1. Could you say which residue among Ala169, Ala188 is more than 28 Å from Ala284 (Cα to Cα) and surrounded by fewer than 24 Cβ atoms within 10 Å (Cβ to Cβ)?
2. Of the conditions (1) in contact with a helix residue (DSSP H, G or I) (Cβ under 7 Å, 6 or more places away or on another chain); (2) part of a loop (DSSP other than H, G, I, E, B), Tyr137 satisfies every one except a single condition; which number is it?
3. Can you tell me which residue in the stretch 125-158 is nearest to the chain's Cα centre (by Cα), limited to those that are among the polar types (S, T, N, Q) and within 22 Å of His29 (Cβ to Cβ)?
4. So Tyr44 clears everything in (1) outside any strand (DSSP E or B); (2) within 28 Å of Val157 (Cα to Cα); (3) open to solvent by less than 20 Å² (accessible area, probe 1.4 Å) except one condition, right? Which one?
5. The conditions are (1) at pLDDT 95 or above; (2) within 27 Å of Pro195 (Cα to Cα); (3) among the polar types (S, T, N, Q), and Ser100 fails exactly one of them. Which is it?
6. Does the stretch 175-185 include one or more residues that are aromatic (Phe, Trp, Tyr) and open to solvent by less than 10 Å² (accessible area, probe 1.4 Å)?
7. Among Gly110, Gly118, which is closer than 21 Å to Asp56 by Cβ and at pLDDT below 95?
8. Out of the residues in the stretch 201-224 meeting the condition of being open to solvent by 10 Å² or more (accessible area, probe 1.4 Å) and of a type in the set (Gly, Ala, Ser), tell me which one is farthest from Leu74 (Cα to Cα).
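The values are calculated or read from the model by the stated rules, or taken from the named source; none is laboratory data. The model shown is predicted, which means the values in this text are computed figures rather than measured ones. Positions of Cβ are generated from backbone atoms using ideal geometry, with glycine treated the same way; all protein chains shown enter the neighbour counts. Side chains are part of the model used for accessible areas, which takes the heavy atoms of the whole protein and leaves out ligands, DNA and RNA. Shrake-Rupley method; radii C 1.70, N 1.55, O 1.52, S 1.80 Å.
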Amino acid sequence: MAAVCLAGCAGGPGYHGPVSDHFDGERFHNDTPFDVGWADLWRYYRERDPGPWQRDLRPPSQPAPPARVADGELRVTVVNHATVLLQYDGLNVLTDPIWSERASPVSWLGPRRHVAPGLTFAQLPPIDAVLISHNHYDHLDLQTLRRLDAAHAPLFVVGLGEDRWLRDAGLRRVQALDWGQRTLLSDALGVRALPAKHWNGRSLLPGRRNRSLWLAFLIETRGGPVYFAGDTGYGAHFADTGDRYGPFRLALLPIGAYKPRWLTAYQHTSPEDAVRAHTDLRAAQSIGVHFGTFQLSEEGQHEPVTDLVAARQASGLADTTFIAPTFGAARAIPVLPSMLTEP
């Protein structure tokens, strides 16, 4: 499957530091190992039965976002895939930005874009920070990062092991975080790196896997925290995060690249899993990401949306509580009721 095989020729980054509960001195790990190998990939390619996808790269017609929003406001625009523009409290933050034609190290091979980004690169407001969940090519696109660095000089926030490599690639401001660590984006508001159930690697060489850390993010806003799941399978980390940091004003949860489950469940949430995660996080609002852009697994292009509707209905959630967004369309997110003060 393409989501597993996103790999290039470069060896990629690495980290050297003290042993922890998720780092053995050489590689990072989750509580349960990721053990997909070449035999599993061969089985996938023999048995795969992908659903339909169509390419439509017509330019978007969405209006450009404002330069900034006021304190207390939160405006979210899903560009597509896992690229989201968050505008809140005078800050502008992008998650996992990719404006490239392919999620690949080369221009002639790898998963192709099926829809244009919901915002053009030129429509972006000033970008203060870029949050990168992990180093797979559909989430860490060097071509896009270099464009952002040249145009906006943002702070790039990454997992341990990615920082030196990205500086060597020409990015000027890079901050690496371990799970639980926090960095400020303004005088008062920051982001915190949180656990996810995934893996890292930009090389087919087995020894290069998991030499850097994958992240979810808690994004602090004055109206309550926002959660960006990055790329992850379902696990206890959702309930742990909800218990420790919830409720959340907004959760950005992946709903794509989930078939077949025997291969993808470890690393990608299905729409049903994402609804469970929404409940675990105690999110007031959730928005689906990581779907409908690059064909990374067997489900059809629009299957995540229909499966999300079914999962939402089965759980009794209101239609507006967990949505699959229109790419490029902005949405205002209310302040958490618990953050409102009495008059």
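1. Ala169 is the lone residue from the list that is more than 28 Å from Ala284 (Cα to Cα) and surrounded by fewer than 24 Cβ atoms within 10 Å (Cβ to Cβ).
2. Single failed check for Tyr137: (1).
3. Ser133
4. (2)
5. Of (1) at pLDDT 95 or above; (2) within 27 Å of Pro195 (Cα to Cα); (3) among the polar types (S, T, N, Q), only one is false for Ser100: (2).
6. The answer is no; no qualifying residue exists.
7. None of the other options fit; the residue is Gly110.
8. Gly207
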